[in-house]
Structure formats: C-alpha cells, structure tokens
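Take a look at the structure set out below.
The values are calculated or read from the model by the stated rules, or taken from the named source; none is laboratory data. On a predicted model such as this, the values are computed, not experimentally measured, just so you know. Cβ placement follows ideal geometry from the backbone for every residue including glycine, while neighbour counts extend to all protein chains displayed. Keep in mind that these areas ignore ligands, DNA and RNA; they rest on the heavy atoms of the full protein, side chains included. Shrake-Rupley method; radii C 1.70, N 1.55, O 1.52, S 1.80 Å.
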Amino acid sequence: MGYSSDLESIEYELGAKTLERWLLKPEKTMNIVMGIPKERTQDERRVAISPAGAQILSENGIRIMVEAGAGRFCNFTDQDYAEAGAQVAETPEKLYGESNVIVKVAPPRPEELPLFMPGQMLISALHLGTLSENLIKTLIDKNITALAFEFIETRDGELPIVRTLSEIAGSLAIQTAAKYLETGYGGSGILLGGIAGVPPAHITIIGAGTVGLFAAQDALGLGAQVTVIDKEINRLRRFEAFFNRHLVTAIANDHYIAELARMSDVMIGALSPKQKVQKPPVSEAVVKTMKPGSVIVDVSIDQGACFATSRHTSHTNPIYVKHGVTHYCVPNIPSAVAKTASFALTNTLLPFLLKMTEHETISDILWKSHSLRKGTYVYKGYITRKILSELTLFPYREIDMLLASSGRAMP
C-alpha cells in the first residue's frame, strides 16, 4: 500500500514496551468507533490520522470511520483508507452518528456542532486565541468529554503534540520570512543568508521554546544573524549552549524589544502556548519603527497575538502590510505542508489513542492516563481548565475532583 516507511516510523516512536502492552490488553475494553471527519476550517488541509495510522488502530480493535475526501489535500485517497481497514462514511451525519470518539485537527466549526452526539469524546486543537463560547456551551450541553492538543502533557511536563507541530511551524516561519523579504513580494529585497561581501538579514525570535528552537536552527543554517529573546534566563542559557553561542540572546523587556525592532529585517513571534499572553509584547509604536519592507511572522497568533498589529490571515490571503511591514499571521502554518504535518500528527497521537483500548469507559481512560487527563478541558458538564473558565465564565471544576467524586482513587 506504500505506507511501510510511515509504519516503521510510527512503530519506532511507540517503542517495544507499548507494542507489548497492546498484546496484553485486558479482555473487557471500551468498544471504540473513532471518527475522522473532513476538516472544514478555512485552508485546513491536514487530516488527523493517516492511512498507516488507521491501519494500526484497526489492528488494535478500534473501528475507524473516515469521512469521504478527508485526506484529499494530503494525497490520501478513500481507497487508501479502505485498504487500511477503515470504513469510509459518505456524509458527516453518518460519521458523527456512528462514532463515540471524534478525532480532528482544527476545533469544530459552528456548522459541525449540531452533528455531535451526547456523551461523545472529542480530541482536537482548541486555539485559545479564537476560542468560541458557543463551542464550549455545546460541549457542556451535550456532555462531551473534550481534549485539546495544546493541553495533552506527559509527566515530565512535555507537550508532545504541540512540540511536533511547533517543529514544523518553526521551520516554515523561516521559509516564509525568506520569501516575503523578496522584492517581488514587496519586501526589502534582502537575501536571508547574504553572500560574500554582503551581510545577511537579521532575525529576532521572540520566545525560546520549540518554535524558536527550530526557527533559529533553520535561520542559522541559511546564514542569517539571529537574536532570541525570552523572559526566562534559563531558557536563553539552554539556547546559547545548544547553538554553541552562534546566536545572540537577550531578556524580553521593552528596551531590548524596541532596540531589536529597529535593526531587524524579520521578527518572529514564537511564544509558548503555556505562556498566558495578557497583551502583545510588541506594541504598535514599536512596529512603526521597523524598517520598510521588513517582515513579521506571528506564529503565536492562534494562542494570542505577539504583535499589537497582528490579525488573523489565511493561506489563501496570507499577508497584509501595516506601517510598511509585511505581516504573516496564519494560525495553522503547518497546514502548508499538509502531508508531512499529518504524518507527524499521527505519529504523536497514536500512543495516546491506543491507551483507550486498555479500558472500559471514558472515565477509566482519564483515571488511568495522566496525559489524557491533563488534556481534558470539558468533562461531565464542567470546564476543567481554569483559563477557559476565566475566558468564558462557564463553571469550573478540577477534573481530579470530578473523577474522585466517582469513588475511585487517582493513580
């Protein structure tokens, strides 16, 4: 079927211990019908599970339903999914009506909300920067158990799905900046890496997280001058050590941000999703001081703008110019490389989805899995993440307390 390399990479990621656990599953487990809908968010070209991933899930007792055309932009055909053991649903009504777990990339659109059935589980991105109160209300009213990619966390504090997508976003941020610096796109006409006798572009990256790491790596590889700023000195120390001091670091205060804005050809917003953004760290007054033809790539736009002049754009209309600066503020940057992003998302999601095959109910799954419990934001009619309650004013309860009230001790 042509998926051998993808299967090998997935199996490598899962490791021998996980594979062994599949073989030792308890006899009584939840009857899972997992629906993979076609994405309806503008310019969202990814699919949550590749055909290779569908095959692994099917082989481990999960019935997979994929909406017709779900993998079209990744060049995954309906036949590919059928050969992998999935059932192809011709309509979203059939898919949602027969599934008890929905796995998708983007948050549900308003037109998808009526399709949800009471008691289902939803696993998708949430995007705090564009949070819909109507979405949260629907999930609460229908008693949906909802998990967000942004919140799924391992015991060591790692956000594995966010990290995977951030790696792609960081690399694409540099490719994007290089393109929009070109004269034909209205840029200043600077080659990112320069050539002998002509200095390279200067890039400032705001945020020393995963996006910043991969952006810095690609920028340095092309020969650009790179400065990374962050509020946490220890994160900057790690960057200096990792890159052997081939870049410059600075604390993210108003003084350094203003200085760097004046000298930068590119500024990249790469704040961590763990950071609660009260206001954009780069003000409009600072953006006005940037050089004509310079470029802003706001990777943080889906969680909250990094620049006061940022507003959402799309892959169809990706840029706008304000104060002479080209702004690229596409929230789903990895969708530009939909096939790579879908393979990467599948590889990261599979270990968590396979945990569901070990238990009888959704409650059992959350009791036993630290990562999925941390990822939950709606459960039993309550919001279980305080930040969401603050944003929407819906009632908040800690998920540990909700689970404990069922009479079982937490693992």
Residues within region 109-155 that are open to solvent by less than 50 Å² (accessible area, probe 1.4 Å) and part of a helix (DSSP H, G or I), tallied | 10
Here is a list of conditions, (1) in a loop (DSSP other than H, G, I, E, B); (2) crowded, with 22+ Cβ neighbours inside 10 Å; (3) over 24 Å from the mean Cα position of the chain (by Cα), and residue 244 meets all of them except one; can you say which number that is?
-> (2)
Please specify each residue of region 187-212 satisfying the condition of being buried (at least 23 other Cβ atoms within 10 Å of the Cβ) and not in a loop (DSSP other than H, G, I, E, B).
-> 203, 204, 205, 206, 211, 212
So, in region 364-381, of the ones that are modelled with pLDDT under 95 and not in a helix (DSSP H, G or I), which residue ends up nearest to residue 399 (Cα to Cα)?
-> 380
State which residue is nearest to residue 316 (Cα to Cα) when the search covers only region 34-55 and only residues that are of a type in the set (A, V, I, L, M) and either assigned to a loop (DSSP other than H, G, I, E, B) or open to solvent by 10 Å² or more (accessible area, probe 1.4 Å) (or both).
-> 47
In region 283-315, anything buried (at least 22 other Cβ atoms within 10 Å of the Cβ) and within 16 Å of the chain's Cα centre (by Cα) is listed as 298, 299, 300, 301, 302, 303, 305
In region 375-392, is there at least one residue being touching an Asp or Glu at 6+ places or on another chain (Cβ under 6 Å) and touching a residue at least 40 places away in the same chain (Cβ under 8 Å)?
-> yes
Lone unmet requirement of (1) open to solvent by less than 50 Å² (accessible area, probe 1.4 Å); (2) farther than 14 Å from residue 151 by Cβ for residue 352 = (2)
Residues (surrounded by 17 or more Cβ atoms within 10 Å (Cβ to Cβ) and assigned to a helix (DSSP H, G or I)) located in region 223-239 | 235, 236, 239
